[in-house]
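Q: Quick one: the structure is below, and I'll ask about it shortly.
The values are calculated or read from the model by the stated rules, or taken from the named source; none is laboratory data. None of the values given here were measured: they were computed from a predicted structure. No Cβ is skipped: glycine too gets one built from the backbone with ideal geometry, and neighbour counts run over all protein chains shown.
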Amino acid sequence: MDLSPLFLSLKVAFVATILTAITGLGFAILMARARFPGKSLVEALLTLPLALPPSSVGYYLLVIMGRNGPLGWLGWLFTWKAAVLASWIVALPLMFRTAKAALESVDISLEMVARTLGKPPWRAFVDVTLPLAGRGILAGVILSFARALGEFGATLMVAGNIPGKTRTIPLAIYTATQINRMDIASFWVIVTAALAYAFILAVNKLQEK
């Protein structure tokens, strides 16, 4: 049994989740606190990958990362880095919306009390709001990792299905099914089901606390 899809999927999902956590939390803070013209348009754009078919996301990434695209000079097309980029794009809305909801659930008056005690605004936010929203933010990170781990359509279009290089678990399932190796497909389906169950259980535990 070739286990490279498992290790590659974990690597792609881990790197993509780091990017998603940083950018998603940043956008969540901005959208939860800032007021500016066109805010609803920006928020809709950040959520758009969640509504689009993965193949559509993959097409746009293919254009952007192609030879004549703005990111073509990176040479990431059909590499594991392209899989990271695809996973980041499709997982970003989950992190953004979950973190934004968590931040908005915190009573702003608690942060204002900290300011009256002499804390600067940024310190009050870090010391009061972020810890209170921590469970929701962590849930967003876990969901983002799960989404990145299961990405298929966009990854196939921009990273391909190269054994040992870009073949992730979803692509391994697809390939095994195409060649009628149901034993291999069943193995990877069980692995993904176990991982997905673990992620869902972790999120539920966070929400129960």
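Q: Could you tell me which of the residues Ala154, Ala176, Ala196 is surrounded by 21 or more Cβ atoms within 10 Å (Cβ to Cβ) and in a helix (DSSP H, G or I)?
A: Ala154 is the lone residue from the list that is surrounded by 21 or more Cβ atoms within 10 Å (Cβ to Cβ) and in a helix (DSSP H, G or I).
Q: Does at least one position in the stretch 43-56 carry a residue that is in contact with a Leu (Cβ under 8 Å, 6 or more places away or on another chain) and within 26 Å of Leu132 (Cα to Cα)?
A: Yes, some residue in the stretch 43-56 is in contact with a Leu (Cβ under 8 Å, 6 or more places away or on another chain) and within 26 Å of Leu132 (Cα to Cα).
Q: Given the conditions (1) under 25 Å from Val42 (Cβ atoms); (2) under 23 Å from the mean Cα position of the chain (by Cα); (3) modelled with pLDDT under 95, report the number of the one that Trp122 does not fulfil.
A: (2)
Q: Another question about this same structure. Quick test of your reading of the structure: Trp188 fulfils all but one of (1) under 25 Å from Leu19 (Cα atoms); (2) buried (at least 18 other Cβ atoms within 10 Å of the Cβ). Name the failing condition by number.
A: For Trp188, the exception is condition (1).
Q: For Leu138, all conditions in the list (1) over 13 Å from the mean Cα position of the chain (by Cα); (2) surrounded by fewer than 20 Cβ atoms within 10 Å (Cβ to Cβ); (3) within 30 Å of Glu104 (Cβ to Cβ) hold save one; what is the number of the exception?
A: Unmet for Leu138, out of (1) over 13 Å from the mean Cα position of the chain (by Cα); (2) surrounded by fewer than 20 Cβ atoms within 10 Å (Cβ to Cβ); (3) within 30 Å of Glu104 (Cβ to Cβ): (1).
Q: Quick one: in the stretch 69-93, of everything that is part of a loop (DSSP other than H, G, I, E, B) and either of a type outside the set (A, V, I, L, M) or touching a residue at least 12 places away in the same chain (Cβ under 8 Å) (or both), which residue is surrounded by the most Cβ atoms within 10 Å (Cβ to Cβ)?
A: Filtering the stretch 69-93 for residues that are part of a loop (DSSP other than H, G, I, E, B) and either of a type outside the set (A, V, I, L, M) or touching a residue at least 12 places away in the same chain (Cβ under 8 Å) (or both), the one surrounded by the most Cβ atoms within 10 Å (Cβ to Cβ) comes out as Leu77.
Every residue, every condition in (1) over 26 Å from Arg167 (Cβ atoms); (2) out of contact with any strand residue (DSSP E or B) (no Cβ under 7 Å at 6 or more places or on another chain); (3) among the hydrophobic types (A, V, I, L, M, F, W, C), yes or no:
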{"site": "Arg67", "(1), (2), (3)": "no, yes, no"}
{"site": "Phe78", "(1), (2), (3)": "no, yes, yes"}
{"site": "Glu104", "(1), (2), (3)": "yes, yes, no"}
{"site": "Thr116", "(1), (2), (3)": "yes, yes, no"}
{"site": "Ala124", "(1), (2), (3)": "yes, yes, yes"}
